[in-house]
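The values are calculated or read from the model by the stated rules, or taken from the named source; none is laboratory data. The structure presented is a predicted model; accordingly, all values stated were derived computationally and were not measured. Note: ideal-geometry Cβ built from the backbone for every residue, glycine included; neighbour counts use all protein chains shown. We work out accessible area using only protein heavy atoms, side chains counted, and drop any ligands, DNA or RNA first. Shrake-Rupley method; radii C 1.70, N 1.55, O 1.52, S 1.80 Å.
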Amino acid sequence: PYVSITGDTTVTTANVVVFANATSGQIDITLYAATSNGGKTLTIKKTDSSANSVVITRAGSETIDGGTSFTLIYNGEAVTLISDNSNWFII
């Protein structure tokens, strides 16, 4: 259950791992709702060495470790998120 992306994407509960190649420009990834998805995890990894970033944004007013977004900048940088049924947390 992984997907490779090269452009803006809204992930779904079917996604477990997202490989993001931002060679062509910044990628914006919008999370699915944490609400009603407690315990689900999602790993996102930047797979290119460009200067373009991968910006992960929340759904609605939920937060990502208290913030509104999280950015991957470096080649090979990754983040794993888990839903507590109301917000996303970095683990």
What is the spread of the Cα atoms of the chain along each of their three principal axes, largest first, in whole Å? 35, 26, 20
When the accessible area of the chain is split by element with a 1.4 Å probe, what percent falls to carbon and sulfur? 51 percent
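Which chymotrypsin sites (Phe, Trp or Tyr not before Pro) from the chain combine a DSSP loop assignment with at most 12 other Cβ atoms within 10 Å?
Sparse-neighbourhood loop chymotrypsin sites (Phe, Trp or Tyr not before Pro): 74.
If you add up the charges near residue 68, with Lys and Arg at +1 and Asp and Glu at -1, over every other residue whose beta carbon is less than 10 angstrom from its beta carbon, what do you get?
Once all neighbours under 10 Å are counted, the net charge is 0.
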Phi-derived 3J(HN,Hα) across region 53-64 with the Karplus relation (6.51, -1.76, 1.60, θ = phi - 60°), rounded Hz, x for Gly and Pro, is 9, 10, 9, 9, 10, 6, 9, x, 9, 5, 10, 10
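How much area per residue is accessible in the chain when the probe is 1.4 Å and only protein heavy atoms are counted (Å²)? Numbers along the way, then the final one.
Numbers: 4560 Å² over 91 residues.
Accessible area per residue: 50 Å².
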For the chain, give the magnitude of the charge dipole about the Cα centre (Cβ charges: +1 Lys/Arg, -1 Asp/Glu; no others), in debye to the nearest 20. 120 debye
Starting from the amide H of residue 47, placed 1.01 Å from N in the peptide plane, find each other amide H under 5 Å away whose residue is 5 or more places distant or on another chain. 20, 21, 22, 76
Rounded to one decimal in nm, the spacing of the 7 Å Cα→Cβ label points at residue 36 and residue 17 is 2.9 nm
